[in-house]
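S.K.: Once you've had a glance at the structure underneath, I'll fire off some questions.
The values are calculated or read from the model by the stated rules, or taken from the named source; none is laboratory data. Note that the coordinates shown come from a computational prediction; the quantities given were computed from them, not determined experimentally. So basically every Cβ, Gly included, is an ideal-geometry build from the backbone, and we count neighbours across all protein chains shown.
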Amino acid sequence: MKPVDLCKYPSSWFAGGTDILSEVVISSRIRLARNLAGYEFLPCLPAESQRQLQDRIKEVLLSIDLGEKVAYIDIDHASKVERTLLTERHLISHRHATANGPRGVVIAEDEAFTAMINEEDHLRIQVYASGLQLHACWQRINRIDDTIEQKLEYAFDKKLGYLTACPTNLGTGIRVSVMLHLPALKMTGQFDKFISAARECNLAVRGLFGEGTDATGDFFQLSNQVTLGVSEQQVVDDFTDNIVPRIIDYEIQARKTLLEKKPHALDDKVQRAIGVLRSACLISSQEALYLLSNVRLGINLGRIKDIPLSTVNELFMLTQPAHLQLRAGKMLDPDQRDTLRAEIIRNKLSHN
């Protein structure tokens, strides 16, 4: 597998489901942060030791049965556009893409599993699924983690749990997160409900591409911040049974409000979006996400019936800057990207 192989189709977990929950919850992710016993944390680890650590973890990950084919990509030797593509697909973090030194990533064929080597911690494994499937993610990543631990000794303390480079990950080292689409809360001026609920539950809210990114296109990543003093199962259960259903209900009620009290404003926003997307000659990535978000809402509420949701989900990912450049086989300046993006969107939407 090479990064260029990924630029022509969306990740499997981004396809979404067909139920009402999947209209709001795009995907589920669980990440575990781990470090190996006998090694210093990365900021204190010499480059040669980092390379030895990378090779050791890579060998183990490629030798165990992960349930499907996997590939290894050497991030240190990947081009900037290849690294950007991997962040656009949520396979590596922005930190992993922009750091220096020996580091890599193991990626499963369907992209539902990735393992970053030498990111902030020695090893960060991630499992993805479409819609709200945190229990399934937990079962899978727990099995993988146990398998890895049979071959590698993790840094662990009886009182503190798994030892991590950042104290906020101490304990379980788990990050549970969901990607949410919340356009109606924005349109009805009720977005503060979401933020208040997140703060009450001590949760982190980030943009579409994780830490340090804006909430473009009304997409948000919601994740836990407490990892010490609670079990992994407790965190997963709380997200699945309490936190996410509460936010889904806020968004669904806001959508009902739009349909009942502001149908003309809703239709105007949706139809303007589809009109621009079907006719524009230049579209930036920010504008595309915003307009596609409105179209997605229109499809979910039955205001647009001639465009499959799968087409919109595909365009969200495939019109990102690195995807466009790798697909074109050359570097593109911003105007060239905006032109190609608009052309791809017009062609896709004109077939529906």
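Here is a yes/no grid of residues against (1) touching a Gly at 6+ places or on another chain (Cβ under 8 Å); (2) assigned to a helix (DSSP H, G or I); (3) over 30 Å from residue 160 (Cβ atoms):
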position: 33; (1), (2), (3): yes, no, no
position: 40; (1), (2), (3): no, no, no
position: 55; (1), (2), (3): no, yes, no
position: 58; (1), (2), (3): yes, yes, no
position: 68; (1), (2), (3): no, no, yes
position: 107; (1), (2), (3): no, no, yes
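S.K.: Additional query: Would a scan of the stretch 171-181 turn up a residue that is exposed (fewer than 14 other Cβ atoms within 10 Å of the Cβ) and on the phi > 0 side of the Ramachandran plot?
M.R.: No, that holds for no residue.
S.K.: Applying the selection to the stretch 149-174, what residues are out of contact with any Phe, Trp or Tyr (no Cβ under 9 Å at 6 or more places or on another chain) and β-branched (Val, Ile, Thr)?
M.R.: Correct list: 168 only.
S.K.: Can you name every residue in the stretch 324-340 that is assigned to a helix (DSSP H, G or I) and in contact with a helix residue (DSSP H, G or I) (Cβ under 6 Å, 6 or more places away or on another chain)?
M.R.: Within the stretch 324-340, 324, 325, 326, 337, 340 meet the criteria.
S.K.: Moving on. Go over the candidates 83, 103 one by one and state the one that is basic (Lys, Arg), under 19 Å from residue 2 (Cα atoms) and in contact with an Asp or Glu (Cβ under 6 Å, 6 or more places away or on another chain).
M.R.: The unique qualifying residue is 103.
S.K.: Could you check, for the stretch 70-88, whether at least one of its residues is in contact (Cβ under 8 Å) with a residue 12 or more places away in the chain and within 28 Å of residue 234 (Cα to Cα)?
M.R.: no
S.K.: May I pose another question? Has the stretch 138-155 got at least one residue that is without any contact (Cβ under 8 Å) to a residue 60 or more places away in the chain, within 15 Å of residue 41 (Cβ to Cβ) and assigned to a strand (DSSP E or B)?
M.R.: no
S.K.: Is at least one residue of the stretch 265-286 more than 23 Å from residue 10 (Cβ to Cβ), among the acidic types (Asp, Glu), surrounded by 15 or more Cβ atoms within 10 Å (Cβ to Cβ) and in the same structural domain as residue 334 (by TED's automatic domain parsing)?
M.R.: yes
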